[in-house]
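Read-outs throughout are calculated quantities, based only on the coordinates presented, and are distinct from any laboratory measurement. Everything numeric in this text was worked out from a predicted model, so none of it was measured. Cβ atoms come from the backbone with ideal geometry, glycine included; neighbour counts cover every protein chain shown.
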Amino acid sequence: MSATYHELLLDTRRRLEQAGLSGAQIEARFIVCHACGKSRDELVRDAQLHVTAEKMAAVDELVTRRLSDEPLAYILGEWEFMGRTIEVTRDTLIPRSDTEILCEQAIDALGEGGRLLDLCCGSGCVGLCAIAEVKNATAVLCDLVKPTLAVARRNARKLGLSARALFVGEDATLPLPEALGRFDVIVSNPPYIPHGDLAALDRSVRGYEPMAALDGGDDGLDFYRAFARNLKRCLSDGGRAMFEVGAGQARAVADIFARAGWTVDEIVRDLAGIERVVKCGLD
Ligand code: GLN
């Protein structure tokens, strides 16, 4: 069957709509553009041209993946965060818009030439998008999973930040090597889903996203306990540490830091009004 790009786009949209996808129109355009190697403008320009059989098959394959609940971000291999395009693979969590507030807080706290540490960095979206906004700021990005760190490194290169970013494969729950020095801003979006809740996550998350990036132990708070214990000597004088937390966890996390001798400055809500970031220091 021969079809034009216009017909292919409509057919793709219909298939996604029939599966109950709410963003069918936008997703169809993303999928057709990606599979056919065209920008949105090129797709409009070429609407009446006929699509080759190879490209029809490429679109069909991506639609089939999407209809199996694979997140669009993994199909495209990239996602938007803080207005920048971030490469993602199944070794990284997909950047959530909920997390942009953490990045914004980091940007606010980071002065010119400041040093930032991003623990459990995943794709690197938080740390990289933060230093991208602050003149001469540098970052150490840390993730235990080697293929994940490789994605973060590629993102630094794509954002033109390689010279300002260092990548280390440390376990964020253990004390970091002293040679890394001290940081003006420490950020982390650690795994925080209670272990017992993992099975109830949406199929698109459970079936595709890396469990190691989500599993926060029995109560979801294992990483915060380790951070409260280990990170004091990593903070510069007057420095600020800020952590994303899951819905309903902010008070418990603030308590963990307060008991370990930190000063909790603030709990910041995300755009949905959920307490999302716990911000603290040592003064
Ligand atoms: N916000 C993510 C989710 O709800 C979890 C991220 C995390 O554990 N850090 O799937």
Can you pull a Stokes-Einstein diffusion coefficient for segment 32-181 at 37 °C (0.692 mPa s), Rh from Kirkwood over Cα pairs, as a whole number of µm²/s? 192 µm²/s
Scaled radius of gyration (Cα, divided by 2.2 N^0.38 Å) that segment 190-253 gives: 1.28
Would you mind computing Rg(Cα) / (2.2 N^0.38 Å) for the chain, counting N as its residues? 1.11
Counting pairs of alpha carbon atoms under 8 Å apart in space and at least six apart in sequence, what relative contact order in percent does segment 23-140 give? 18 percent
Bin all alpha-carbon pair distances of segment 147-239 at 10 Å intervals from 0 and give each bin's fraction as a whole percent. 14, 35, 36, 15, 1
Using DSSP to call loops (not H, G, I, E or B), can you name the trypsin sites (Lys or Arg not before Pro) in segment 120-196 whose Cβ has at most 16 other Cβ atoms within 10 angstrom? LYS135, ARG182
Of the convex hull drawn through the C-alpha atoms of segment 78-167, the volume per residue in Å³ is 76 Å³
Looking only at segment 47-79, which residues have a backbone nitrogen under 13 Å from a spot 7 Å from the Cα of LEU201 in the C-beta direction? 71
How much mean residue ellipticity at 222 nm does the chain get from its helices, if each DSSP H run of length 4 or more adds -39500 (n - 2.57) and you divide by all residues, to the nearest 500 deg cm²/dmol? -11000 deg cm²/dmol
Over 25 Å [Cα-Cα, segment 174-283], rounded percent: 24 percent
If contacts are Cα pairs under 8 angstrom and at least 6 residues apart, what is the relative contact order of the chain in percent? 14 percent
